[in-house]
1. Taking the Cα-to-Cβ direction at residue 407 and at residue 157 and moving 7 Å from each Cα, how far apart do the two end points lie in nm?
2. Run the helix sum for the chain: -39,500 (n - 2.57) per DSSP H stretch of 4+ residues, divided by residue count, reported at 222 nm to the nearest 500 deg cm²/dmol.
3. Consider just the alpha-carbon atoms of region 228-383 and return their Rg together with their Dmax, both in angstrom.
4. Let a ≥ b ≥ c be the square roots of the eigenvalues of the Cα gyration tensor of region 1-77; is it rounded (a/c under 1.5), or, if not, prolate (a/b larger than b/c) or oblate?
5. State, to one decimal in nm, how far the label point of residue 124 lies from the label point of residue 367, with both points 7 Å from Cα in the Cβ direction.
6. Rounded if a/c is under 1.5, else prolate if a/b is larger than b/c, else oblate: which is region 96-173, with a ≥ b ≥ c the root eigenvalues of its Cα gyration tensor?
7. In a Gaussian network model over the chain where Cα atoms closer than 10 Å are linked, find which of 113, 35, 229 has the largest mean-square fluctuation.
8. Out of all DSSP beta bridges in the chain, what portion is antiparallel? Express it as a percent rounded to 5.
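We did not get these values from a lab; they are worked out from the coordinates using the rules stated. Keep in mind it's a predicted model, so treat the numbers as computed, not measured. Virtual Cβ from ideal backbone geometry, glycine too; neighbours counted across all protein chains shown.
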């Protein structure tokens, strides 16, 4: 049994916009969401650059009992999911009447853990930590909160796979539906932005150093790149079987064709070429499309010297120089656990509206990458099939192939 899997809704809460319309415009305009966070300088960060999103005000929409167990990442995920469900024409009543699952990527709850520990250390009384703290400080905080709020009765799991978490969540949702195990799954990824979540990352010395020009600091594939810029927020896509979507008259945005995965099996933080290439080939094979059928690749490229170079070499190995390639992280920074899901939203928005967003700040690629068909300025371009890459610490790789929907 291989059911068709379609996207019927999307939602986004990002540093380049907190809804689909705002994000679409930012992508088209090549607008950066990177800022200098003064709090990070006081904290001892070497690089205070970050993508920043506003804290949602949920007091008018959720009860205190619901909010007390939600940390930063759950709040972002709630906002993205509300938009996605609305766009998929799914209201509270229809969700409760059927089996809806959730698979969401998340790999840190740093602030919640620190806050609880600080109270215990200061007060010497664990009862003062509060009843909601345990639910904030578990890695599955997003799925447990959203499953409770929306009354979900299907599969309920958190995918923790570093910076490929959001992509793997969508890939696994695709497989669940393709195999007939579920008809409808809320998939996505969330990332906390607070300094606690990024302090040890900053300590590795891999963050961009161009503090004086924050919007130019994230520069994937460019010769002058100095490192990544951390970011966050949340992105949600509603995956559904084609039969389910048609039966309820849902809007069909796109179709997921293939999911590829692999592990590098090498260095814990330095990516290679073979692992990403394997994931891309597997995604193409499952999608039953040829490399030349892919029009656009949303590269994982985070603006690190080795990571960008190895991914580009893998793309050349698998695809040659034909497809357009850009990295939306040039605008958003590296959204970490959410990036694999947000970049599906970004790429699908481009496909819907007939344009390809650029890798901004790409003035001159590395010499051995010049055969790549880089997009450094927005182009108006219709396209039907794209591939999105996501890679993470530990050598985890994910690639997704998505097609413009047609009823064939």
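1. Distance between the two pseudo-spin positions: 3.4 nm.
2. Roughly -10500 deg cm²/dmol at 222 nm, from the helical runs in the chain.
3. 16.0, 52
4. Oblate shape, in that a/c is at least 1.5 and b/c is the bigger or equal ratio.
5. 6.6 nm
6. oblate
7. For the chain, modelled as a Gaussian network with Cα springs under 10 Å, the answer is 113.
8. The antiparallel fraction comes to roughly 70 percent.
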